[in-house]
Amino acid sequence: MGPSYRTSYQIKQLPPDSNDLEVRVLSPKSTHGSPSTSYPSISRRRRPHSRRAFKWIFAGVLALCFLVFFIRVSSRVKVIHSGHADHDPIDVVAVSLKPSCVTREAVASLNRYLQPRTIHIVTTSIDKCRVFDAFAPNVVCHLQDAFVEGLTIDRVGDFLQRSVGVDQHKQIKGRNLSGWYMQQFIKLGSILALPGLSEYYVIWDLDMVLLSPLQLLWRNGDRTLSSDDGSAAASSAGQIQIQTLVNIGGSVAPGYITSFQHLTTRSLEFAPDGTSFVTHWMVVYKPYLREFLKELSNGDEGHLDWVWRILRAVDPHTADLGFSEYASYISWVRQHYPQSQLLAQRKTWVRHPFGQTTVRMMRLLRADRCCCPSRLMLLLLRAVGFVYTGYEVGHIAECRYDAPEHAESYGL
């Protein structure tokens with residue numbers, strides 16, 4: 001296991017009080033006075049009316065947004081209750097720049113609906129680790145520069161600057177460029193840093209909030225959830241094989257395609273509807289991830305050759321989005337072990353609850369003006385059938401995620 005600020009690796013179990021959760025997997029995409037006369041007392045009386053009018057307008061816009069989303073989504077929701085595979089409790093690995101109201105809700109939702117054995121969170125300082133540790137009894141926090149032996153953000157940044165020729169300090173989506181690549185390498189390198197991880201484990205972006213119970217593993221005899229092209233169907237009659245759920249609906253970036261081609265000499269895979277597998281979490285099978293890293297390392301398993309090979313494969317012209325850990329690993333598995341995956345037929349998630357505009361408006365209801373998850377929003381998203389939602393506040397300038405006053409935490 002990689003170093004942690006803790007002195008020992010103690011897994012803190014959750015109380016086994018909710019083992020009977022229903023499992024859902026959705027296959028989802030002034031009337032007085034002259035205008036020229038000033039009356040201070042009348043002005044004071046007018047302000048409450050203005051605030052009430054704003055609240056009514058705000059409520060009306062929200063209601064319209066909810067109605068449109070409900071009509072678009074509810075007709076496509078399909079719930080499956082059969083074919084799931086029993087398995088031991090799994091672990092979760094996540095990376096976060098700092099603790100926030102979003103990451104706190106994400107951890108709570110994972111424990112509520114997924115019930116992992118351990119949630120490993122990698123962050124940048126001991127003080128931040130202490131905050132993350134207080135989120136839940138099963139959180140184990142690690143420092144990023146001590147997580148994977150020999151892998152530090154300075155080494156990644158220097159390599160980007162020297163060998164790729166891009167500015168390592170360029171800001172992108174709430175992180176500088178070196179930090180954006182670093183968090184991907186931490187996710188992929190988790191298998192090297194934490195040998196005690198469960199055989200199947202989840203890599204989860206902590207700006208994603210789970211909305212309902214989620215089944216990760218399925219037996220290949222259930223063709224109902226398989227992809228339209230049949231690539232995840234059962235391999236042969238009577239054969240039992242565990243399949244991992246793969247989400248669809250991700251965005252497509254040229255840099256992801258280019259780097260995968262350079263690394264593997266093969267084309268990146270996409271879902272039948274043309275979307276990508278960059279869906280902000282994935283289920284990892286340890287033997288496959290080891291093999292994937294070994295191939296990227298030219299056979300030197302356990303070393304960091306795969307890190308530098310990935311960075312060399314990045315096109316400087318598309319370096320802002322030059323590599324995807326999600327698209328690359330899932331594509332590699334589809335090409336080597338296609339029967340081990342089960343594709344969702346439809347998109348079951350959104351990047352922002354009812355759009356960025358709604359998030360901007362909801363922050364006005366908070367005294368600190370932070371963009372934090374609203375319980376009402378989460379309930380509405382679940383009601384219309386979404387399985388999880390993003391709260392990518394670093395992408396919304398009005399949320400001020402990068403403001404100096406939020407350097408150590410956000411919205412807590």
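Bear in mind these aren't lab numbers, they're just calculated from the coordinates by the rules spelled out. Model, not experiment: these values are computed from the prediction. Here Cβ is always computed from backbone atoms with ideal geometry, including for glycine, and neighbour counts include all displayed protein chains.
Key figures
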{"quantity": "Protection proxy ranking, peptides 352-359, 158-165, average beta carbon neighbours within 10 Å, highest first", "calculated": "352-359, 158-165"}
{"quantity": "Alpha carbon centroid spacing (whole Å) that separates the stretch 174-205 from the stretch 349-395", "calculated": "25"}
{"quantity": "Shape call, the stretch 79-406: gyration tensor on alpha carbons, a/c limit 1.5", "calculated": "rounded"}
{"quantity": "Efficiency of FRET between R266 and A146 - r from beta-carbon atoms, R0 30 angstrom, step 0.05", "calculated": "0.30"}
{"quantity": "In range of the label at L376: residues from the stretch 103-120 whose backbone nitrogen is under 20 Å from the point 7 Å along Cα→Cβ", "calculated": "105"}
{"quantity": "Gain on full stretching of the segment that runs from A108 to L412 - 0.36 nm per residue minus C-alpha separation", "calculated": "108.0 nm"}
{"quantity": "Sequence ranges 211-217, 194-200, 392-398, ranked by mean other-Cβ count within 10 angstrom, highest first", "calculated": "211-217, 392-398, 194-200"}
{"quantity": "Ranked D88, D368, criterion: other C-beta atoms within 10 Å, fewest first", "calculated": "D88, D368"}
{"quantity": "Gain on full stretching of the segment that runs from E398 to S125 - 0.36 nm per residue minus C-alpha separation", "calculated": "95.7 nm"}
{"quantity": "Gyration tensor verdict on the stretch 303-412 (Cα atoms; rounded if a/c is under 1.5, prolate if a/b is larger than b/c, oblate otherwise)", "calculated": "oblate"}
{"quantity": "Within the stretch 375-404: backbone nitrogen closer than 15 Å to the I172 label point (7 Å, Cα to C-beta)", "calculated": "395"}
